[in-house]
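Enquirer: Quick one: the structure is below, questions incoming.
The values are calculated or read from the model by the stated rules, or taken from the named source; none is laboratory data. All values derive from a computational prediction rather than experimental measurement. Ideal geometry is used to build each Cβ from the backbone, glycine not excepted, and the neighbour counts take in all protein chains shown. For accessibility, only protein heavy atoms count, side chains too; no ligands or nucleic acids. Shrake-Rupley method; radii C 1.70, N 1.55, O 1.52, S 1.80 Å.
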2 protein chains.
Amino acid sequence: MSAASNLLVRKLEVDDFGKGFLALLAQLTTVGRVNQDEFTGRWWELNDNPDYYIAVAEDTSKSQLLGTAALIIERKFIHSCGKVGHIEDVVVDEAARGHNLGHRLIDELVRVARQQGCYKVILDCAEHNIPFYEKCGLSRKEVQMVKYLDR
Amino acid sequence: MSAASNLLVRKLEVDDFGKGFLALLAQLTTVGRVNQDEFTGRWWELNDNPDYYIAVAEDTSKSQLLGTAALIIERKFIHSCGKVGHIEDVVVDEAARGHNLGHRLIDELVRVARQQGCYKVILDCAEHNIPFYEKCGLSRKEVQMVKYLDR
């Protein structure tokens with residue numbers, strides 16, 4: 001990766017389909033078949049929803065995305081009808097790791113969560129990613145449980 | 001608790017403010033000051049949003065809520081623009097525990113999540129609640145991290 005001077009952290013835009021957004025997510029997990037229309041449809045749903053913010057990091061010299069992380073804000077009754085930010089789907093391009101990009105993406109989501117009045121942000125991660133999130137200011141709390149559903 | 005014949009598991013309604021909804025949540029965590037107008041405002045926000053479903057268990061003979069659990073559905077790009085159900089704020093009245101109510105609430109949320117096309121449901125819990133969620137068909141997966149925000 002070149003120096004960070006060409007790096008822009010911003011909200012996901014609809015033309016990021018052409019800047020490698022799905023290829024980036026494929027480094028994290030199964031993306032499946034998502035064509036441009038499906039991407040665009042989901043993008044509009046999330047862009048119109050004030051409770052979603054998807055951050056990306058772009059190398060503007062190459063119009064190429066190098067990282068992404070998603071924030072979904074949950075509205076609760078507890079904590080005086082408070083809000084909680086859930087951080088999801090954090091990934092940095094393999095070739096761009098070690099340059100603090102992940103940290104910048106998390107900082108961006110924490111900034112948005114705070115601005116939206118969240119009293120906390122939470123995320124689930126693998127054991128080996130705990131040190132990274134600790135550097136981002138998070139602490140280990142509970143245990144994530146999962147149930148996969150047959151559709 | 002009386003026999004389960006008077007028990008109804010259903011979606012949260014706006015008049016549940018008067019059936020002990022907030023007192024129930026106060027057995028889980030800090031509720032803070034939430035008056036009837038604030039409850040009603042948040043209720044309308046969530047009731048109009050297809051991505052929220054808050055289940056309650058009511059003892060209909062007493063018009064009293066005995067348990068609640070919330071589902072928030074997250075829309076993703078991964079897994080073919082898939083959806084994930086987040087289960088939050090699960091609590092059963094102290095006097096009504098040991099009667100399978102929590103299990104019925106979780107089953108209800110899993111049913112809704114499946115109906116809405118979620119490919120999985122996830123939740124975070126304390127170590128000592130793992131056996132309960134395992135009985136509900138969930139398995140231990142990752143580690144929850146948290147950051148509390150100054151507002």
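Enquirer: Of a type outside the set (Phe, Trp, Tyr) and modelled with pLDDT under 95: does that describe B:Arg140?
Expert: Values: of a type outside the set (Phe, Trp, Tyr): yes; modelled with pLDDT under 95: no.
The answer is no for B:Arg140.
Enquirer: When the residues of the range B:36-66 are narrowed to those that are in a loop (DSSP other than H, G, I, E, B) and open to solvent by 20 Å² or more (accessible area, probe 1.4 Å), which ends up nearest to B:Leu25 (Cα to Cα)? Break it down stepwise before answering.
Expert: At the first step, the residues of the range B:36-66 found to be in a loop (DSSP other than H, G, I, E, B) are B:48-51, B:60-63.
Narrowing the set further to residues that are open to solvent by 20 Å² or more (accessible area, probe 1.4 Å) leaves B:48-50, B:60-63.
Details: B:Asp48: 22, B:Asn49: 21, B:Pro50: 22, B:Thr60: 19, B:Ser61: 21, B:Lys62: 18, B:Ser63: 17 Å.
Out of the qualifying residues, it is B:Ser63.
Enquirer: For the range B:13-31, check the following and say yes or no: at least one residue is over 23 Å from A:Glu74 (Cα atoms) and more than 8 Å from every other protein chain (Cβ to nearest Cβ). Working first, answer last.
Expert: Filtering the range B:13-31 down to residues over 23 Å from A:Glu74 (Cα atoms) leaves B:18-19.
Now narrow it down to the ones that are more than 8 Å from every other protein chain (Cβ to nearest Cβ): B:18-19.
Taking every residue of the range B:13-31 in turn, at least one turns out to be over 23 Å from A:Glu74 (Cα atoms) and more than 8 Å from every other protein chain (Cβ to nearest Cβ).
Enquirer: Quick one: A:Gln64 ticks every box in (1) touching a Gly at 6+ places or on another chain (Cβ under 9 Å); (2) in contact (Cβ under 8 Å) with a residue 60 or more places away in the chain; (3) of a type in the set (S, T, N, Q) except a single one, so which number is it?
Expert: It is condition (2) that A:Gln64 fails.
Enquirer: Something else now. Touching a strand residue (DSSP E or B) at 6+ places or on another chain (Cβ under 7 Å) and under 22 Å from A:Gly85 (Cα atoms) - does that describe any residue in the range B:92-105?
Expert: No, there is no match, as no residue in the range B:92-105 is touching a strand residue (DSSP E or B) at 6+ places or on another chain (Cβ under 7 Å) and under 22 Å from A:Gly85 (Cα atoms).
Enquirer: Quick one: how many residues across the range B:121-147 are touching a strand residue (DSSP E or B) at 6+ places or on another chain (Cβ under 7 Å) and either in a helix (DSSP H, G or I) or more than 15 Å from B:Ala70 (Cα to Cα) (or both)?
Expert: Kept after step one, since they are touching a strand residue (DSSP E or B) at 6+ places or on another chain (Cβ under 7 Å), are these residues of the range B:121-147: B:121-127, B:130, B:133, B:137-147.
If we keep only those that are either in a helix (DSSP H, G or I) or more than 15 Å from B:Ala70 (Cα to Cα) (or both) as well, we get B:126-127, B:130, B:133, B:137-147.
Total satisfying the criteria: 15.
Enquirer: Quickly run through the range B:59-103 and pick out the residues that are polar (S, T, N, Q) and farther than 30 Å from A:Ala69 by Cβ.
Expert: Kept after step one, since they are polar (S, T, N, Q), are these residues of the range B:59-103: B:60-61, B:63-64, B:68, B:80, B:100.
Selection gives B:Thr60, B:Ser61, B:Ser63, B:Gln64, B:Thr68, B:Asn100.
Enquirer: Given the structure, is B:His99 assigned to a helix (DSSP H, G or I) and more than 14 Å from B:Asp15 (Cα to Cα)?
Expert: Working: assigned to a helix (DSSP H, G or I): no; more than 14 Å from B:Asp15 (Cα to Cα): yes.
Against the criterion (assigned to a helix (DSSP H, G or I) and more than 14 Å from B:Asp15 (Cα to Cα)), B:His99 does not qualify.
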